[in-house]
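Beneath this line is the structure, given in structure tokens, with notes to follow.
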Amino acid sequence: GYLLWPSAVPNPHKPGWHAPRDVVGELAAAVRRRGMRFGTYYSVGLDWTWEDLPIVEPVDALACVPRDPAYAAYADAHLRELVDRYEPSVVWSDIGAPPGFDLRAFLADYLRRVPDGTINDRWVVPPAMLARPRVRTALSAAVRVALPRLPEMGPSSGHPLADFRTPEYSSPPTATNHKWEATRGMGAAFGINVNEPDDRLIDPDELVRSLVDMVAKNGNLLLNVGPDAAGTITEREALRLRALGAWMDVSGEALVGTRPWVEASATTAEGIDVRFTQADGAVYAVLLAPPDGSTVTLPGLAPLAGRPVTLLGHGPLDATAARDDLLLAWPADAPNGPAPAVRIGLRSPTERWQSGRSQSP
């Protein structure tokens, strides 16, 4: 419930419960100077100054959503203040929304102010029955069973007015026809945790492969970065961001401005998992591991034989049809990165997306 901007909407339970410095405004200006879009997060469902029920079981988080009508008006006023002051491209809610909150009315006013604004799916009002401890205990037991199956279950349905869905630490098995965004931290939680050992943070190569997998399935990756109290991004998180940046510098055209192909994934005859995207007449095959042999066999891609084939960051590849498959001659001096990307077909030069990166969201 602590606000990172000097709000004109006072907290009735904790006077002055906001930052005197306009952190949100300063960050918005810094982001936009780099040509990027800016979004805001507001925890509509949780505010410890209004409801401090301890979270012991998973479902307790939903039971913490304040049911006081005054809270719905309080949260609504903050959201409108964020929109009026900062015109965010994304308004990202969390946990749910209080009874009486009118999302449709807020969304109408938001889109009048920011016509291309977007919202996520976490605006659902939790059912009143969650106030009963026995109900929460039973539902929490079911949630614990379902958690390991989240990747195969795919993104949740979310709110019907949402622009995108937000699974957490998971990715669906195949491409979806709706937009989604997997949200995760560098480690097992969000924000900075100095007590979390380095080996609990996501491996840099796995982070690259995870991004590729998500984009191929019509998703985005929302990666939490937790600066310390001085605002500094720690080295162990920075090296993971640099790993993403280094891969994007070489192979980013396989993701930027693309959409899912007819198949999201396959496995080569050599046993390497592949993810596919497409853009501007080109198909991209991104290998989730570097080959250790002289050939790569892409299953079912023989109809693409005859098109120019390029290993991004290296150069042209020889490609021939082998029955139903496309056989690539893999160069011995190919870069040994975590996810080599192959372009099959024609597309505008790589400089097209690189030169436009500072202007794109």
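The values are calculated or read from the model by the stated rules, or taken from the named source; none is laboratory data. None of these values were measured; they are calculated from a predicted model. All Cβ positions, glycine included, derive from the backbone under ideal geometry; neighbour counts span all protein chains shown. Remember, those area values only see protein heavy atoms, side chains included, never the ligands or the DNA or RNA. Shrake-Rupley method; radii C 1.70, N 1.55, O 1.52, S 1.80 Å.
Quick one: in segment 195-212, which of the residues that are free of Cβ contacts under 8 Å to residues at least 24 places away in the same chain and part of a loop (DSSP other than H, G, I, E, B) is nearest to the chain's Cα centre (by Cα)? That would be Asp203. Among the residues of segment 93-123, the ones that are within 19 Å of the chain's Cα centre (by Cα) and under 11 Å from Leu79 (Cβ atoms) come to 3 in all. Inspection of segment 214-233 identifies at least one residue that is touching a residue at least 40 places away in the same chain (Cβ under 8 Å), more than 18 Å from Arg122 (Cβ to Cβ) and small (Gly, Ala, Ser).
Considering segment 123-142 alone, what residues qualify as being part of a helix (DSSP H, G or I), in contact (Cβ under 8 Å) with a residue 60 or more places away in the chain and open to solvent by 50 Å² or more (accessible area, probe 1.4 Å)? Hits for segment 123-142 are Ala128, Ala131, Thr137, Leu139. Pro335: modelled with pLDDT under 95 and closer than 16 Å to Val286 by Cα, yes or no? For Pro335, the condition - modelled with pLDDT under 95 and closer than 16 Å to Val286 by Cα - is met. Residues that are modelled with pLDDT of 95 or more, surrounded by fewer than 21 Cβ atoms within 10 Å (Cβ to Cβ), on the phi < 0 side of the Ramachandran plot and of a type in the set (A, V, I, L, M, F, W, C) occur in segment 194-206; there is at least one. Comparison of Arg236, Arg259 shows that the only residue that is touching a helix residue (DSSP H, G or I) at 6+ places or on another chain (Cβ under 6 Å), surrounded by fewer than 19 Cβ atoms within 10 Å (Cβ to Cβ) and farther than 21 Å from Pro290 by Cα is Arg236.
Is it fair to say Arg347 is open to solvent by 30 Å² or more (accessible area, probe 1.4 Å), modelled with pLDDT under 95, out of contact with any Cys (no Cβ under 9 Å at 6 or more places or on another chain) and more than 22 Å from Ala243 (Cα to Cα)? Yes, satisfied.
Residue count for segment 28-62 under the criterion of being among the hydrophobic types (A, V, I, L, M, F, W, C), in a helix (DSSP H, G or I) and surrounded by fewer than 16 Cβ atoms within 10 Å (Cβ to Cβ): the result is 3. Whenever a residue of segment 244-265 is in a loop (DSSP other than H, G, I, E, B), its partners that are polar (S, T, N, Q) and open to solvent by 30 Å² or more (accessible area, probe 1.4 Å), lying with C-beta atoms within less than 7 angstrom and at least six residues away or across chains, give the pairs Thr258/Gln278. The single condition among (1) out of contact with any helix residue (DSSP H, G or I) (no Cβ under 7 Å at 6 or more places or on another chain); (2) within 27 Å of Ala182 (Cα to Cα); (3) without any contact (Cβ under 8 Å) to a residue 12 or more places away in the chain that Pro10 does not satisfy is (2).
Per the listing Arg236, Arg184, the residue uniquely in contact (Cβ under 8 Å) with a residue 24 or more places away in the chain and part of a strand (DSSP E or B) is Arg184.
Search segment 87-122 for residues being of a type in the set (D, E, K, R) and part of a helix (DSSP H, G or I), and hand back the single one that is surrounded by the fewest Cβ atoms within 10 Å (Cβ to Cβ).
If we filter segment 87-122 for residues that are of a type in the set (D, E, K, R), which is where we start, we get 87, 94, 102, 104, 109, 112-113, 116, 121-122.
Narrowing the set further to residues that are part of a helix (DSSP H, G or I) leaves 104, 109, 112-113.
On the way: Arg104: 7, Asp109: 14, Arg112: 10, Arg113: 12.
It comes out as Arg104.
Restricting attention to segment 64-86 and to residues that are open to solvent by 20 Å² or more (accessible area, probe 1.4 Å) and under 23 Å from Pro127 (Cβ atoms), the residue that is nearest to the chain's Cα centre (by Cα) turns out to be Asp76.
In segment 254-262 there is at least one residue matching the filter, namely being more than 30 Å from Phe190 (Cα to Cα) and under 24 Å from the mean Cα position of the chain (by Cα). State whether one or more residues within segment 7-15 are surrounded by fewer than 17 Cβ atoms within 10 Å (Cβ to Cβ) and in contact with a strand residue (DSSP E or B) (Cβ under 9 Å, 6 or more places away or on another chain). Yes, the conditions are met somewhere in segment 7-15.
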